[in-house]
Amino acid sequence: MEKYLINPNQKISKINKDIYGHFSEHLGRCIYEGLYVGEDSPIPNVNGMRKDVVEALKEMGIPVLRWPGGCFADEYHWKDGIGAKEDRKKMINTHWGGVIEDNSFGTHEFFELCSQLGCDAYVNGNVGSGTVQEMSEWVEYMTFDGVSPLAEQRRANGSEEPFTVKYFGVGNENWGCGGHMLPEFYADQYRNYETFIRDYDGNKRIYRIACGANAFDFNWTDVMMKKACSRMNGLSLHYYTVPHDWGKKGKALEFTEEEYYITVEKAYKIEELVRRHGDIMNRYDPEKRVGMIVDEWGTWYDVEEGTNPGFLYQQNTMRDAVVAGLTLNVFNKYSDRVKMANIAQTVNVLQAVALTDGEDMLLTPTYYIFKMYKDHQENMLLGSYITTPDISEKETLPKLIESASIKEDGTIVATIVNTSLDESSEIKCQIADFKVKGIDAEILTGPMDAHNSFENKNAVKTKIFDGYKVTADGFETTVPPCSIVKFVIK
């Protein structure tokens, strides 16, 4: 029997709700068809936003949404996406499928979407093909409440009040699709661009995010912290879980048990990445003023057969749910440094939480993880530890991965992932100085390739879990293989 220890007296750090954030890029059917269908669409919508998707995301507890990219951000010119739709400039989306982008979803539409979702806005600016002036003017257009040509232009376009921009990203992947820059060059670029992102009275102080490293590029983090730490509020990190290699990544639905373990083991490398990049940041910022922003993460497989290769459409299984569960547990554990994360991407792209087909929509196993875990948002992380064997040959994948937090009213939330495909785990949980009055629990489980389809939308969904026994100071339980369980302890 494994021992699970939770200490309510050890309150470590606040779990920022934005760790549970999402990402929407002008890529494939994420924006168009996924989130936005236009006011004249037969698909039920409010001001062009799909009602079914918006309602599902609100119920899931979406706290923040990143837009317009991704790689698209560094070829996006915001003035093309304002004003009368029929007059907006069309462009080729060179990164994603070579399709025509008509800019019918622009700044005003994005903030309308955020308003309907009740979430904060994370806007990503263009460094790769843009200018300092262009970025500075966009911030003024969005957030200035006074008298200026740009503020008047916003009002003329239908928004009397300024928008609230909580987060602003200065470029995206500038080591790659955002310009193939060296870290020293980008650090200087960042300092220049950031200077002209003004904090206007109509907006709270903007949280400025610098482009950070790609996965294991620790030098990028070192250079950025050394040269620009004082000028940033956050530094991004991107990491995708790719089972094989970028040329042939592996299929989303047809995979072996070996591929399952390869995928989950690679996903767990996020713990090493957060820890090691965090160690570098600690050298320059021991007070942890600068947040780590993991604004692109998730699984990346070969696209589904018969779909546009540039649209990155893939299915979503229990394997992805396990990846999501363990990743969010890791982010919780490092919430003293990780202040926001954004899974890629919200709808119809990569590890999406929803898939659409015309008027139809389904929710993926990953959706149910986010809905299950939303109870952690804004809680205090608790000291917790679970004994667990390692189940990989390289001893780099624990069988059990957990996190625990406490609400203001004293309720404890504990989430446990069992990564094993064939072994359950007997667990005895003890909670220090805590008398258990009652427990509510739910579970997401199933075969590794179980997924929801438009023919069977409810093949994988959360269920009430009663496989536990309350004890005087905790509980005993058996967690099934390939499962994620949440305990709400009062």
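The values are calculated or read from the model by the stated rules, or taken from the named source; none is laboratory data. Everything numeric in this text was worked out from a predicted model, so none of it was measured. Cβ placement follows ideal geometry from the backbone for every residue including glycine, while neighbour counts extend to all protein chains displayed.
Here are the numbers:
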| quantity | calculated |
| --- | --- |
| Flag for Gly310 being outside any helix (DSSP H, G or I), over 23 Å from Leu382 (Cβ atoms) and modelled with pLDDT under 95 | no |
| Unmet requirement for Val139, which otherwise passes all of (1) of a type outside the set (D, E, K, R); (2) out of contact with any Phe, Trp or Tyr (no Cβ under 8 Å at 6 or more places or on another chain); (3) buried (at least 21 other Cβ atoms within 10 Å of the Cβ) | (2) |
| Subset of segment 301-329 [within 14 Å of the chain's Cα centre (by Cα) and under 16 Å from Thr364 (Cα atoms)] | Asp320, Ala321, Val323, Ala324, Gly325 |
| Complete set of residues in segment 383-397 that are at pLDDT 85 or above and either under 29 Å from Ser13 (Cα atoms) or not in a loop (DSSP other than H, G, I, E, B) (or both) | Gly383, Ser384, Tyr385, Ile386, Thr387, Thr388, Pro389, Asp390, Thr396, Leu397 |
| Helices (runs of 4 or more DSSP H) (entirely within segment 104-195) containing at least 2 residues that are over 22 Å from the mean Cα position of the chain (by Cα) and among the hydrophobic types (A, V, I, L, M, F, W, C) | 132-143, 149-156, 183-195 |
| Evaluation of Gly97 against (1) in a loop (DSSP other than H, G, I, E, B); (2) of a type in the set (Gly, Ala, Ser); (3) more than 24 Å from the chain's Cα centre (by Cα) (one fails), failing number | (3) |
| Lone unmet requirement of (1) in contact (Cβ under 8 Å) with a residue 60 or more places away in the chain; (2) assigned to a helix (DSSP H, G or I); (3) not hydroxyl-bearing (Ser, Thr, Tyr) for Asn342 | (2) |
| Top-ranked residue in segment 61-88 [being touching a His at 6+ places or on another chain (Cβ under 8 Å) and charged (D, E, K, R); ranked as modelled with the highest pLDDT] | Arg66 |
| Unmet requirement for Glu25, which otherwise passes all of (1) in a loop (DSSP other than H, G, I, E, B); (2) of a type in the set (D, E, K, R); (3) closer than 25 Å to Tyr167 by Cα; (4) without any contact (Cβ under 8 Å) to a residue 60 or more places away in the chain | (4) |
| Sole residue being part of a loop (DSSP other than H, G, I, E, B), of a type in the set (Gly, Ala, Ser) and either modelled with pLDDT of 95 or more or under 21 Å from the mean Cα position of the chain (by Cα) (or both), chosen from Gly298, Gly250 | Gly250 |
| Some residue of segment 51-74 being of a type in the set (Asp, Glu) and either in contact with a Gly (Cβ under 9 Å, 6 or more places away or on another chain) or not in a helix (DSSP H, G or I) (or both) | yes |
| Test: Gly178 is more than 18 Å from Asn342 (Cα to Cα) and modelled with pLDDT of 95 or more | yes |
| Subset of segment 203-213 (residues that are closer than 20 Å to Gln133 by Cα and in contact (Cβ under 8 Å) with a residue 12 or more places away in the chain) | Asn203, Ile206, Tyr207, Arg208, Ile209, Ala210, Cys211 |
